Amino acid sequence: MTNSSDTAQSGPMLAADGTPLKKSLARSLRNQKMRALALIAPLLLFILISFIFPIASMLFRSVENTIVADILPRTVVALDDWNADGGQLPDESVYSAFVSDMVEAIEAKEHTKLGTRLNYEQTGMSSLFRKSGRQIRKLDPESDGPFKEKLIDINAEWGEIKAWSTIKAHSVRLTNGYFLNAVDMRRTPEGIKQQPENKRILVKLFWRTLAMSLIITASCIALGYPVAWILANLPMRTANLLMILVLLPFWTSLLVRTSAWKVMLQQQGVVNDVLVWLGVVADESRLVMINNQFGTIVAMTHILLPFMILPMYSVMTTIPPSYLRAAKSLGATNWTAFRRVYLPQSVPGIGAGSILVFILSIGYYITPEIVGGTKGVFISNRIAYHISYSLNWGLAAALGTILLVAVLILYWAYDKIVGIDNVKLG
């Protein structure tokens, strides 16, 4: 006969409130996760709003192309049966559909937006739509046809294949045209072609941005390593006082620091005056150090140098000085002890500083804009131009996407070569 204690032991274990222990533990764990989620929810929301959504919007804008299809829906359908390679103008149905679409677009004041979009691909389309709109608005799509000769009389360019082929080529809702433009190519009715020679500047800007960012990173390493080493090996009180000098630029406006370099590097500036006074250069042969790549490298190296020193310093403070003394006691010279003992242990700080400086420099645009002129600007300056002035947001988004992918590829390559796990901030 089974006693009551055996029955109790064979049944499920219960919590203090009488619920099964397994269920009670699961509920407790779920409540802990919900509390943790509630604590980090504001941060997640901030990241989504300020980081994820803008990047997703940029990626979409780089391929989005609904303007032509939305404003000229009838024309786009009518052009499907027309082949630009045949050398013949579209038939009357296309012209009739175009007038119907344009009358509605003019009433909605959207025809200029359409012209601006097509002008990115073919110069002159903006003025064509703007000038033709004044006359097309007087036409009645129901009773004033046929429209082919009337449109050609309004503007002779409607009698050219170029205008219609441009509309057809860029009527798709998702396009690779912006990415093609970003690499100095273009989408045409005949296929993908290179941009004219005078418009091939973006690939050159990409290579310039990459090369100058690497030079700036190397300059920061060369200048920052000795400073970090001195700070790490001085007494703590002295190191803290000198660290104030490293951090001092953070207390000054970026615009002020950049403008100061513009004043110092110009031909009548402080640097040239000192060189002339020392007799290094003649007064009539003052150096040109502004509005070029040299000015950009100097100014950005000064601005980004603290971001290199701080990771190096934090890593170097963890390296015991006794390691170098031990190496010297075993017969190593100062250079050998540094190269084989100290430098390998400081590599994580160099790696952290290099990633930080390189990623910051590749996206800079204020400093190159002020001191770089036409020869020292980065691709980021072109992105800012298309966002603020030309309003070609699709091309700006494509350029930004390519820049983002390039940084991710370089980050991946760095991880494979050095190992991101070896990067330390202290």
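The values are calculated or read from the model by the stated rules, or taken from the named source; none is laboratory data. Keep in mind it's a predicted model, so treat the numbers as computed, not measured. Positions of Cβ are backbone-derived with ideal geometry, glycine not excepted, and every protein chain shown enters the neighbour counts. In case anyone asks, the SASA skips ligands and DNA or RNA and just uses the protein heavy atoms, side chains included. Shrake-Rupley method; radii C 1.70, N 1.55, O 1.52, S 1.80 Å.
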Could you check Lys138 against (1) among the charged types (D, E, K, R); (2) outside any loop (DSSP other than H, G, I, E, B); (3) open to solvent by 30 Å² or more (accessible area, probe 1.4 Å) and say which number it fails? (2)
Could you tell me whether Ala211 is within 30 Å of Leu360 (Cβ to Cβ), in contact (Cβ under 8 Å) with a residue 24 or more places away in the chain and not assigned by TED's automatic domain parsing to the domain that holds Leu72? no
Conditions (1) outside any loop (DSSP other than H, G, I, E, B); (2) surrounded by 13 or more Cβ atoms within 10 Å (Cβ to Cβ); (3) modelled with pLDDT under 90: number failed by Val172: (1)
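Considering only the stretch 276-293, how many residues are in a helix (DSSP H, G or I) and either open to solvent by less than 100 Å² (accessible area, probe 1.4 Å) or of a type in the set (S, T, N, Q) (or both)? Quick ask: steps written out before the conclusion?
Initially, the stretch 276-293 is screened for residues in a helix (DSSP H, G or I), giving 276-278, 283-285, 293.
Remaining after also requiring either open to solvent by less than 100 Å² (accessible area, probe 1.4 Å) or of a type in the set (S, T, N, Q) (or both): 276, 283, 285, 293.
The number of residues fulfilling the criteria is 4.
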Flag if Phe98 is crowded, with 18+ Cβ neighbours inside 10 Å, in a helix (DSSP H, G or I) and touching a Gly at 6+ places or on another chain (Cβ under 7 Å): no
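Every residue, every condition in (1) more than 19 Å from Ile152 (Cα to Cα); (2) surrounded by 17 or more Cβ atoms within 10 Å (Cβ to Cβ); (3) in the same structural domain as Ser390 (by TED's automatic domain parsing), yes or no:
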residue: Ser28; (1), (2), (3): yes, no, no
residue: Met34; (1), (2), (3): yes, no, no
residue: Leu43; (1), (2), (3): yes, no, no
residue: Ser50; (1), (2), (3): yes, no, no
residue: Asp80; (1), (2), (3): yes, no, no
residue: Gln88; (1), (2), (3): no, no, no
residue: Asp91; (1), (2), (3): no, no, no
residue: Ser127; (1), (2), (3): no, no, no
residue: Gly133; (1), (2), (3): no, yes, no
Of the residues in the stretch 229-275 that are outside any helix (DSSP H, G or I) and not polar (S, T, N, Q), the one that is nearest to Thr367 (Cα to Cα) is Gly269
Inter-residue pairs, beta-carbon under 9 Å, first polar (S, T, N, Q) and in the stretch 57-68, second open to solvent by 50 Å² or more (accessible area, probe 1.4 Å) and part of a helix (DSSP H, G or I), 6+ apart: Ser62/Phe179
For the stretch 359-382, how many residues meet the condition of being crowded, with 23+ Cβ neighbours inside 10 Å and in a helix (DSSP H, G or I)? 5
